[in-house]
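Comments concern the structure below.
The values are calculated or read from the model by the stated rules, or taken from the named source; none is laboratory data. What you are looking at is a predicted structure, and each value in this text was computed from that prediction instead of being measured. Backbone-built Cβ (ideal geometry, glycine too); neighbour counts: all protein chains shown. With ligands, DNA and RNA removed, areas are computed over all heavy atoms of the protein, side chains included. Shrake-Rupley method; radii C 1.70, N 1.55, O 1.52, S 1.80 Å.
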Amino acid sequence: MARTADVVVIGGGIHGCSTALHLALRGLKPILIEKDYAGRHASGVNAGGVRQLARDLHEIPLSISSMDIWERIEELVGDDCGFGAHGTVLVAESEDELAGFRERVDDLNLRGFVHEELIDAAELRRLVPAVSDRCPGGVVSRRDGAADPFRTTQAFRRRAVEKGAEVIEGVTVTGLSRSGANWRVETSAGIFEAPKIVNAAGAWADRIAAMLGEPVPLAVVAPMLMVTSRLPAFIKPVVILRGRKLSFKQLDNGTVVIGGGHLSTPYRDSNETVLDWEKLAISARTVWELFPAMHEATIVRAWAGIEAYMPDGIPVVGRSSTSEGVFHQFGFSTHGFQLGPGTGAVMAELVATGSTNTPIDGLGIERFTQTPLPR
Amino acid sequence: MIAAADLASSYELVVIGGGPAGLAAAALAARAGVSTVLFDENPGVGGQIYRAITSTPVKDRAILGQDYWEGAALADEAKASGALIVNGATVWSLDRQRLVGVSIGGKARVIEAGRVIIATGSQERPFPIPGWTLPGVMTAGAAQTALKAQGLVVDGRTVMAGSGPLLWLLAAQTLRAGGKIDAILDTTPRRNWLQAVVHLPDFALSPYFAKGLALLREVRARVPVHRVGTIEAVGTDRVREVVFSGSGGTRRLPVDLLLLHQGVVPNVNLANAAGVAHLWNDRQLCFVPVLDADFGSSVPGIAVAGDGAGIAGGTAAAERGRIAAIAAVCALRPDATLPDTQAIRQRLQREEMGRAFLDCLNRPADAFRLPAGDTIACRCEEVTARQVRETAQMGCEGPNQMKAFLRCGMGPCQGRLCGLTVTELIAAERKTTPDEVGYYRLRPPVKPITLAELASLPISEAERKAVER
Amino acid sequence: MFKRLADKGPAIAITVDGKTVNARAGDTVAAALLAAGIDHCRTTPVTGAPRAPYCLMGVCFDCLVTVDGVGSRQGCLIPVRDGMKVETQLGRREAGR
């Protein structure tokens, strides 16, 4: 006996949970199927950066609309998710870099985007007093901040269930086929049927796409993070670099999270990752050079999250190119956390009404499959 | 002193831990011709049971007892074998590729290993009573270490509490060394005897039977023993009193030092972080690695020997180390000459006989494993039992999700002193088993390293090029 | 809390929060503090509660002290050296000391 729903959402990361919540808010009945537990992977273990800064142009509309939601997140999900906004600062390590940043900011401004501001050495030092003296300036995105990734994902999950979504965990999707007007979703715990499917399966989304005859070149990556023991407060904004891999933030509890995207080795079928210590050593040296005060900080834990990376570094958001009623929302290429709340809203709009007011051009799966949707 | 820079980039066998299992394993493998390095974080070998065996200031052998001095032979054997023994070496990472991250003197290296034997032994089971975080409350093992390694004996008003052979051994050693113990609070539940007695015949045949009885007699002759159901350490800036209750009602004793002990459990952190599968052992009330007959784990090439494979004592540990080493040597050098495995296994079996009796007898009471109210469950992050229980009741299914909400397990000890408590509390609240609930998913570094240490890791040109944007 | 079995072995002088403490060769920092009757070696970062060594075997991390300017060191694993400067670790460790 098949269970039925209005929409089956595959994947319980921030994207799947956000979509499930927004579908439920529109009066639809989604069933979300998650193979481990909500937030188990990238969504629950990332650096928590809520960032508009330094995004690909195609992502910016989604990012802005998502930021609007972050600023009222407590109202939406009943939890402030640990969100604090002290801005993200992209630090220039040389005059050449700063010149490049100036060009980018000018270009954004021409396009009507004003969220990135160029800053000089004085403003940089004001925002990030602990940064090395030799940095000549940078870019700030003032609305940006950071949140607790696992708590956020769980909050979306919880609110989705409160609003009528069903969340089923520990269940894996094993097959997809047509059944009349519906999609038939085979899982390790039985059959589900729904007219609409959302593929938010993260690092496993290519398997879902393959079941639909639209294979995509998704790379499974596992960016690494480290966290220190508690330190007295010395930095407020999130700091990122361009020329070297670094993201750096201090949480309210005093611990410092160091990321940046150095990759470890993932084993996606066993949910395991093997860390690369030489790369983490490079991270450590980068932090050392930028923040001399961190020399004796203690690393208490290092880890990596399993995530999907697309060849062009931007996600797949939009209708399936082969299958009526199927939508994709994956491939966020290590920067999907901030986009979660907003993309879920946009996806729900698309699924429920057939279109969305937020521009998602350039994010469609057809850029990989080049198969026009059968009409 | 061997420095980090002196280490080769790879060894055929890396042994982690210099207690009986590690020493026996390293000695056997080195003698068989395998290039072997043993890393131990302490200034000298011996682990806990043979702590300071090469340097103890307690020269009168009668104080620590004959069992302790057996460790000297193991230390000598390892030293003479040709294995490279590195003290002051903290292993902070091990993975399925058998890369070993180690720090010596603040400098880090990553060493390749053909085979790894994890011999990191056991640690004391957490003993979460009200006030257990107060200065002046320590483990019995700590007092024993202070005695062995520094010749420090308890002085002043001292009370020992708990259950298990080590408690009685420490009491005897302390008395022999001229220390004074005001009382022993025995937390062994009466009904343990009923469950243990069925295993008594096996235990009666083991060497520990006679030794155990003698120790008990020695101590009971000089120290009042009270059977207790509750214990509380009371004080503000340090412990001032211990309050306890038993069939005789509630009593208080002034104390300067309260020593707690309710058995030992495997130190799982390195194995867990390396991906070794563990299962709940309900008889020993702890997580134990899943191992084959040669102590090989679920990760190919990584074995776990000694008490880390399940509590069985020091002599058994040495035999387990030898068996694991034989398997490693066979894999690395199939033509090597090896000692008779059969004889070693027989000796091991004899040591393990009687374990069932001790496990049943010393099974710690629920009250002392499952705290409530404001009693601290996670010492590092000061998370109370009430918080853990309430979060479990609200739907949190396991310790890894709970970590994210309460920060329990996220402090520097990485769950060593709260892991079992949190798992058992969640299981109790959610009416399921510790096996279902699982344990923290541990990640390296299993000992904190400074940014400076990590930055000191030699980086190859290839790696440097790989990360340029 | 503790007394020495025998006053043998070379004496080693360390300072703890500026005050001289007489230790012995073979002491770890934690053992030296205990032998000198020092009540607590740190205060916690969460509530500022006083803590002292608990396990003396590198497992509990309650013996964390600052040694020669480097913080969050496990005192029970560090052998004392003449002139070693030990400081109580108060709350959150300061970066860069």
note = Selection from the range B:354-378 of residues open to solvent by less than 10 Å² (accessible area, probe 1.4 Å) and within 14 Å of chain C (Cβ to nearest Cβ) yields B:Ala377, B:Cys378
task = Give the range A:285-301 a look and list any residue that's more than 24 Å from B:Gly409 (Cα to Cα) and either within 13 Å of chain C (Cβ to nearest Cβ) or open to solvent by less than 40 Å² (accessible area, probe 1.4 Å) (or both), or say none.
result = A:Thr286, A:Val287, A:Trp288, A:Leu290, A:Phe291, A:Pro292, A:Ala293, A:His295
query = Would a scan of the range B:158-174 turn up a residue that is hydroxyl-bearing (Ser, Thr, Tyr), at the interface with chain C (Cβ under 8 Å from one of its Cβ atoms) and assigned to a helix (DSSP H, G or I)?
reply = no
query = Name the residues in the range C:53-93 that are facing another protein chain (nearest Cβ under 9 Å), open to solvent by 40 Å² or more (accessible area, probe 1.4 Å) and within 19 Å of B:Cys413 (Cα to Cα), would you?
reply = C:Arg92
inquiry  = If I filter the range C:1-16 down to residues being touching a Leu at 6+ places or on another chain (Cβ under 8 Å), open to solvent by less than 60 Å² (accessible area, probe 1.4 Å) and not in a loop (DSSP other than H, G, I, E, B), which single residue comes out as nearest to the other protein chains (Cβ to nearest Cβ)?
reply    = C:Phe2
Residues (touching a strand residue (DSSP E or B) at 6+ places or on another chain (Cβ under 8 Å) and either free of Cβ contacts under 8 Å to residues at least 24 places away in the same chain or farther than 15 Å from A:Val326 by Cα (or both)) located in the range A:15-32 = A:His15, A:Cys17, A:Ala24, A:Leu28, A:Lys29
query = In the range A:28-52, how many are farther than 23 Å from A:Phe192 by Cα, outside any helix (DSSP H, G or I) and among the small types (Gly, Ala, Ser)?
reply = 3
inquiry  = Among the residues that make up the range A:90-111, is at least one of them among the small types (Gly, Ala, Ser), assigned to a loop (DSSP other than H, G, I, E, B) and open to solvent by less than 40 Å² (accessible area, probe 1.4 Å)?
reply    = no
request  = Please work out if A:Pro215 is in a loop (DSSP other than H, G, I, E, B) and either within 14 Å of another protein chain (Cβ to nearest Cβ) or surrounded by fewer than 23 Cβ atoms within 10 Å (Cβ to Cβ) (or both).
outcome  = yes
task = Give the range B:236-254 a look and list any residue that's assigned to a loop (DSSP other than H, G, I, E, B) and open to solvent by 30 Å² or more (accessible area, probe 1.4 Å), or say none.
result = B:Thr236, B:Asp237, B:Arg240, B:Ser247, B:Gly248
task = State whether the residues of the range A:65-78 include one that is closer than 19 Å to A:Ile240 by Cβ, assigned to a loop (DSSP other than H, G, I, E, B) and not polar (S, T, N, Q).
result = no
note = Screening A:Arg184, A:Arg151, A:Arg159, A:Arg178 for residues that are open to solvent by 30 Å² or more (accessible area, probe 1.4 Å) and free of Cβ contacts under 8 Å to residues at least 40 places away in the same chain leaves only A:Arg178
ask   = If you check B:Leu270, B:Leu257, B:Leu213, which single one turns out to be within 25 Å of the chain's Cα centre (by Cα) and open to solvent by 50 Å² or more (accessible area, probe 1.4 Å)?
value = B:Leu213
inquiry  = Just checking, does the range A:225-232 include any residue being modelled with pLDDT under 95 and not in a loop (DSSP other than H, G, I, E, B)?
reply    = yes
key: Sole residue being under 16 Å from A:Ser321 (Cα atoms), in a strand (DSSP E or B), in contact (Cβ under 8 Å) with a residue 40 or more places away in the chain and touching a strand residue (DSSP E or B) at 6+ places or on another chain (Cβ under 7 Å), chosen from A:Ile208, A:Ile197, A:Ile191   = A:Ile197
message = Considering only the range B:422-441, I want to know if a residue exists there that is more than 11 Å from chain A (Cβ to nearest Cβ) and closer than 20 Å to C:Val46 by Cα.
response = yes
Tally of residues being crowded, with 19+ Cβ neighbours inside 10 Å, more than 18 Å from B:Ala324 (Cβ to Cβ) and within 13 Å of chain A (Cβ to nearest Cβ) across the range B:81-98 = 4
task = Output the residue which, of all residues in the range B:103-126 that are of a type in the set (A, V, I, L, M, F, W, C) and buried (at least 24 other Cβ atoms within 10 Å of the Cβ), is nearest to the other protein chains (Cβ to nearest Cβ).
result = B:Ala108
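Conditions (1) within 22 Å of the chain's Cα centre (by Cα); (2) of a type in the set (Gly, Ala, Ser); (3) modelled with pLDDT under 95, marked per residue:
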position	(1), (2), (3)
B:Trp132	yes, no, no
B:Val137	yes, no, no
B:Ala142	yes, yes, no
B:Leu166	yes, no, yes
B:Lys180	no, no, yes
B:Ala183	no, yes, no
B:Asp186	yes, no, no
request  = Identify all residues within the range A:247-274 that are surrounded by fewer than 24 Cβ atoms within 10 Å (Cβ to Cβ), of a type in the set (A, V, I, L, M) and within 24 Å of B:Asn272 (Cβ to Cβ); write none if there are none.
outcome  = A:Val257, A:Leu263, A:Val274
note = Counting only residues that are facing chain B (nearest Cβ under 7 Å), under 11 Å from the mean Cα position of the chain (by Cα) and open to solvent by less than 30 Å² (accessible area, probe 1.4 Å), the range C:36-52 contains a total of 1
inquiry  = Of the residues B:Pro399, B:Pro445, only one is facing chain A (nearest Cβ under 9 Å) and open to solvent by less than 20 Å² (accessible area, probe 1.4 Å); which?
reply    = B:Pro445
query = Out of curiosity, is B:Ile302 open to solvent by less than 10 Å² (accessible area, probe 1.4 Å), within 14 Å of chain A (Cβ to nearest Cβ) and β-branched (Val, Ile, Thr)?
reply = yes
inquiry  = Between a residue in the range B:211-228 that is modelled with pLDDT under 95 and any residue that is open to solvent by 50 Å² or more (accessible area, probe 1.4 Å) and among the charged types (D, E, K, R), which pairs come within a Cβ distance under 7 Å, given they are 6 or more apart or on different chains?
reply    = none
task = Mind counting the residues in the range B:307-324 that are in a helix (DSSP H, G or I) and in contact with a strand residue (DSSP E or B) (Cβ under 8 Å, 6 or more places away or on another chain)?
result = 5
task = Check A:Gly137, A:Gly78, A:Gly84 and return the single one that is surrounded by 19 or more Cβ atoms within 10 Å (Cβ to Cβ) and farther than 27 Å from A:Ile360 by Cβ.
result = A:Gly137
message = List the residue pairs whose Cβ atoms are under 7 Å apart, where the first residue sits in the range B:385-404 and is in contact (Cβ under 8 Å) with a residue 12 or more places away in the chain, the second is of a type in the set (Phe, Trp, Tyr) and crowded, with 19+ Cβ neighbours inside 10 Å, and the two are 6 or more positions apart or on different chains.
response = B:Pro399/B:Tyr439; B:Pro399/B:Tyr440; B:Asn400/B:Tyr440; B:Lys403/B:Tyr440
